[in-house]
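Accompanying notes for the structure given below.
The values are calculated or read from the model by the stated rules, or taken from the named source; none is laboratory data. Given the structure is predicted, the values throughout are model-derived calculations rather than measurements. Here Cβ is always computed from backbone atoms with ideal geometry, including for glycine, and neighbour counts include all displayed protein chains.
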Amino acid sequence: MTSILIFILGAALLVYCAEKLIVYLVGTAGGLHISVFLLAILFTGIEFDDVALGIALNMEDLGGVALGTVFGTAISMTGIVLALAAIISPTRVNIPRSYLALFAASPLMMVPFVLAAPLTAADGVVLLLLFVAFIAYVAANELRSSTPIFRNAEILERIGAGGGSAGAGAADEPPFAVTVPFSKSKPLPSWAGVGLAVLALVGLVAAAAITSAGIEGILEDYAIQGTLFGATIATLVLSLEDIFLTVEPNRRGAPEIGIGNVIGSVVFGVTAKLGFILLTGGSIAVDDDVLSWHLPVLVVMTALAAYFISTGRLRRRHGFVLLALYVAYWVVSFSVFGEAPIESD
């Protein structure tokens, strides 16, 4: 019971520190005239809490759990986060098809690495470069884009964050006024934003260590298979933040921010997140169930989500389908892979 309480405490602190880190980073970057879609990918798609936890787990020789969080986060982004966004606030969406194609194909990039297991630091370097290439492609397209929905000031005005008329716009806004991708508060000086971001990062590292200790105790006490625990229970707890960051923009009429969070989180998870874990924590062995179950589920769920988004409208039935598939994933995972193998001394 103690290990469960430690895990809950660490996870709550992890989510809190990650949210604060996002707030301060976006607040510091608010004076930059960059696409809000790109901002969403960079500051909400990059899962700081997941990375910190994954690194801590791998350094504690819990590589299976760390790998499980990679798959679990990516699957939950479509099966829970996008599903709930569609159910709670169905909306029209307008995402370039090239982005959706990269989104749908991103899980396939893991196939050669999984087949050539164990995963190594060299694989981590390649995965990081793939994410950099993805960001560079999106940034280049956004800089050339003349589509109003990708302009930071117009997005903020459309969701009611600006509080002024269309003529007032962003031109009269002081630098660093944006604190999260979908709201505003008092201006934040750049030096204060950087200092607070560093403080949040320190808290993130400490929270990851606490959560890792709790997970280690749970695995020992309840004999749950490591990859399964990371792919289900651990990532479900960490998905609460992503639910808010996706559902709330949809509800406020800026679905591009929520979709950017989903796309960014999945692509980041299967590339840079795993890359960081491998570079800092060492190689990871890959269980058979990863190739036979978790990876195929990730490929199918991501492709289906990309198709639903490509229709130009997220509907409630899309959400129910994704959520049903995620529930089925949980049921099969625990019924088939739910018990850790018992090692004899």
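When region 63-113 is filtered for residues that are touching a Lys or Arg at 6+ places or on another chain (Cβ under 7 Å) and within 23 Å of residue 211 (Cβ to Cβ), only 70 remains. All told, residue 274 meets the bar of being assigned to a helix (DSSP H, G or I) and under 17 Å from the mean Cα position of the chain (by Cα). Selection of region 321-345 for residues being in a loop (DSSP other than H, G, I, E, B) and either in contact with a Phe, Trp or Tyr (Cβ under 9 Å, 6 or more places away or on another chain) or at pLDDT 60 or above (or both) yields 338, 340. Of all residues in region 305-320, those satisfying the criterion of being within 16 Å of residue 97 (Cβ to Cβ) and in a helix (DSSP H, G or I) are 305, 306, 307, 308, 309, 310.
Of all residues in region 266-302, those being more than 29 Å from residue 136 (Cβ to Cβ) and among the polar types (S, T, N, Q) number 1.
Taking region 279-304 as the range and being touching a residue at least 24 places away in the same chain (Cβ under 8 Å), hydroxyl-bearing (Ser, Thr, Tyr) and surrounded by fewer than 17 Cβ atoms within 10 Å (Cβ to Cβ) as the test, the residues that pass are 280, 283. Considering only residues in region 129-156 that are buried (at least 16 other Cβ atoms within 10 Å of the Cβ) and β-branched (Val, Ile, Thr), the one that is modelled with the lowest pLDDT turns out to be 149.
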